[in-house]
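We did not get these values from a lab; they are worked out from the coordinates using the rules stated. None of these values were measured; they are calculated from a predicted model. Ideal geometry is used to build each Cβ from the backbone, glycine not excepted, and the neighbour counts take in all protein chains shown.
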Amino acid sequence: MNQIIYEMINDQAFPTPFCPGCGHGILMNAVLRAFAELEWDLKNTLFVSGIGCAAWIPSPHFKADTLHTLHGRAIAYATGAKLFNPGLKIMVISGDGDLSSIGGNHLIHAARRNMDMTVVCANNSIYGMTGGQVASTTPLGSLTTTTPKGNLERPFDLCRLAEAAGATFVARHPVATPIPLTRTLKKAITHKGFSFVEVLSPCPTQYGRRNAFRSAFEMIQGLKSTCVSVEKAKGMSDEELAGKVVVGEFVS
Amino acid sequence: MQYKKVKGPLAPGWYFMQGDEACAEGALAAGCRFYAGYPITPASEIMIRMVHRLPELGGAFIQMEDEIGSISAVIGAAWAGAKAMTATSGPGLSLMIEALGYAVITETPCLIVDVQRAGPSTGQATRPAQGDMMMVKWGAHGDNEIVALSPWSVQEMYDLTVKAFNFSERFRVPTFLLADEAVGHLRETLVIQEEVEVFDRVKIPGKPPFGTEEVNGVPSMPAFGEGANLLVTGSTHDPWGFRKTQDSVVQARLTERLIRKIRDFKSEVIETDSHLLEDAEIGVVAYGFTARAALAAVKTLRKQGVKAGLLRLVSIWPFADEAVAALGKRCRKIFVPEMNRGQIAGELAKFTPTPVIPLPKTNGEVIEPAEIVEGIRRNQ
């Protein structure tokens, strides 16, 4: 399996640009592992991304066609490519700011159209590449470079947003649990229609160090203790769920 | 050059057609098989024509959520192998400008039709203007070179759309059809010939998709799904598409080639049309719908004993600098009527010491021949 995955990567593109402790490397692994386990031929697979750290997961690391687009526009570019060549399998991999803030319009409309593509949103709750500014996904109260006294705005629940807009496969996992994440990515890839997978990925450099996480390890541990499976959450009260993040497959 | 003659989808003969519809037909004849757009007056008729015609020809159509989405889908489709286009007007074009720069740096062939309306901003949606002449050239950040053509008739809404597609494929560059509301909504005769000349993008397996050995070359363009492992990025990149965000040599080479691949071959694109210029002392330079009034004005002035002639700009960008310089040597004054406040008049003045006198009109109405005659008589 590792050899198959190795053949899916552009070795001349390494080392990756990601900071120590960044969750995007685990996500990169999970995506490639999902394709490898499905015995997928990447020749007909197009990876589209926007701007930001997560957009560099496929481009230039994946040995496949990659389209690194403008900030926020990945899904719209992907829509054009898919419509003209429906034989392409399309996966969009980008960040939370890219897909849900500047690109929010394309996200909801592609979901509404049930465009046949898989969108993987690497959510690190922050604008990482540009220096740690508040995002539409930053938790209330968090310290960022543009919320020095704490974030006053409520964050999006991206899965509920995608579901409400019409996505026909919706799931969320942290990179802290890569095995369920890979299993879900495989389902998303083979799903016919618009599949949306939100992946919680820690950013120790821009988010963690400003918000009392002493190390990348602590952030991974934090994700593990915060996330509750959708099955388990059903038996929990609102009080018990306060401060938790429900993960799993919501629409499938 | 890989020009070839093909039969268009419309039967040869005479048609009575609207300019916007003729543009759509020209696009289809050139091989356009993808359209993404967003409703906007006065360009929507192009989209309406395409939604009916593209499925008949095996093409794809989508109405996107906004103009940013439209141009993005066009670029995505172009890399999937399509000849692709969108059509819009000023406010929509403003939204597309960031992606225009992306199409320039990624060398993506595509056509953007701008049926110009009176601005700025929402302005007067149903009224003609020529206010975007400079915007298409200078709107995107960073240096860039694009191609823009300006039709003056329904026939040219068809013919120049074909040419604009050919130039986009030949140079791997976004091209513009700079129409205006008057020519877009005009109805007149359109003659469809047996065949049209088209150019298809060059694809040479194994060649780098983003660089050439020559400083002014146009690279090979594979499509997604062909096993080329394409790396398309709007960041500065080497010939194989790898991002080079700090390398000054790669940045210099890329920016120079993006300009020179067109500028060094501009004679292929530049097209002008001369009327009564042989002995002219008064030159008139006009383009688009305004050139119709300018031709009528020149003829009237001749009857009145004024030796006037018209240089019509068929191509706008790259600019017809040599034709303008030659006109300046021949004439003592050059008048430029245009539906803006002197955008092309200002460009002209760069290439000739002869006095250039703008005849601007921006009240949302077309320029009448009598206004040009009067403007020239007052200043001759």
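With K and R counted +1 and D and E -1, the other residues having a Cβ less than 11 Å from that of B:V74 yield a net charge of 0. If you plug the beta carbon distance of A:D41 and A:V230 into 1/(1 + (r/R0)^6) with R0 = 30 Å, you get a FRET efficiency near 0.40. For A:V245, the residues whose modelled amide H falls within less than 5 Å of its own, excluding neighbours fewer than 5 places apart on the same chain, are A:C227, A:V228.
Compared with the alpha-carbon gap, the fully stretched path from B:W14 to B:T255 is longer by 82.3 nm at 0.36 nm per residue.
Rounded to the nearest 5, the antiparallel percentage of DSSP beta bridges internal to the protein assembly as shown is 30%. For segment B:273-379, the Kirkwood hydrodynamic radius comes to 13.3 Å, computed from all pairs of different C-alpha atoms.
Phi-derived couplings, Karplus 6.51 cos²θ - 1.76 cosθ + 1.60 at θ = phi - 60°, listed residue by residue for segment B:333-341: 9, 10, 9, 10, x, 7, 8, 7, 8 Hz, with x used for Gly and Pro.
The Rg/Rh ratio for segment B:149-227 is 1.11, where Rg is the radius of gyration of the alpha carbons and Rh is the Kirkwood radius. Using the basic label-point model (7 angstrom from Cα toward the beta carbon), what is the B:E188 to B:K7 distance in nanometres? Distance between label points: 3.0 nm.
Set against the 2.2 N^0.38 Å expectation for a compact globular protein, segment B:3-199 has a Cα radius of gyration ratio of 0.91.
Using Cβ counts within 10 Å as a stand-in for footprinting exposure, how do B:D66, A:D41 rank, fewest first? Can you show the working numbers first?
Working: B:D66 16, A:D41 11.
Arranged by neighbour count, lowest to highest, B:D66, A:D41 become A:D41, B:D66.
Restricting the count to DSSP beta bridges whose residues both fall in chain B, what percent are antiparallel, rounded to a multiple of 5? That works out to approximately 35 percent antiparallel.
Spin-label model, B:E322/A:Y6: points 7 Å from Cα along the beta carbon direction are separated by 5.8 nm.
So if R0 is 45 Å, what FRET efficiency would B:K350 and B:E56 give, r being the distance between their Cβ atoms, rounded to the nearest 0.05?
Details: r = 46 Å, r/R0 = 1.03.
So, using R0 = 45 Å, E works out to roughly 0.45.
Given a Förster radius of 45 Å and the C-beta distance between A:K149 and B:R332 as r, what FRET efficiency does 1/(1 + (r/R0)^6) yield to the nearest 0.05? List each step's numbers first, then the result.
On the way: r = 69 Å, r/R0 = 1.54.
With R0 = 45 Å, the Cβ-Cβ based efficiency is 0.05.
Over the protein assembly as shown, the alpha carbon radius of gyration divided by the compact-protein estimate 2.2 N^0.38 Å works out to 1.07.
The distance linking segment B:218-255 with segment B:287-349 is 41 Å (Cα centroid to Cα centroid, whole angstrom).
For a modelled paramagnetic label at A:A212, 7 Å from Cα along Cα-to-Cβ, the residues of segment A:230-252 in reach, with backbone nitrogen under 20 Å, are A:240-245. Just the number, please: Stokes-Einstein D of segment A:195-243 in µm²/s, Kirkwood Rh from C-alpha pairs, 10 °C, 1.306 mPa s. Once the numbers are plugged in, D ends up at 127 µm²/s. Comparing B:K83, B:K203, B:K299 in a Gaussian network model of chain B, where Cα atoms under 10 Å apart are tied by springs, the biggest mean-square fluctuation is seen for B:K203. GNM on chain B, alpha-carbon springs under 10 angstrom: the most fluctuating residue among B:T290, B:T161, B:T272 is B:T272.
When both bridge partners sit in segment B:273-379, DSSP labels roughly 20% of those beta bridges antiparallel.
Within 10 Å of each Cβ in peptide B:78-85, how many partner chain Cβ atoms are there on average? Round it to a whole number, please. Show your work: numbers first, answer last.
Values: counts 4, 9, 15, 3, 5, 1, 3, 0.
If you average over the peptide's residues, the count of other-chain Cβ atoms is 5.
Annotation: amide H-H contacts under 5 Å for B:G119 (H modelled 1.01 Å from N, sequence separation of 5 or more, or interchain): B:Q124. For chain B, the 222 nm mean residue ellipticity estimated from helices alone, with every DSSP H stretch of n ≥ 4 adding -39500 (n - 2.57) and the total spread over all residues, rounds to -11500 deg cm²/dmol. Size descriptors for chain B: radius of gyration and Dmax over Cα atoms are 20.6, 67 Å. Listed from fewest to most Cβ neighbours within 10 Å, the set A:I126, B:I357, B:I62 follows the order B:I357, B:I62, A:I126. For chain A, the Kirkwood estimate of the hydrodynamic radius, built from every pair of different alpha carbons, is 18.0 Å.
Ordered by the number of other Cβ atoms lying within 10 Å of each residue's own Cβ, fewest first, B:M85, A:M117, B:M134 fall into the sequence B:M134, A:M117, B:M85.
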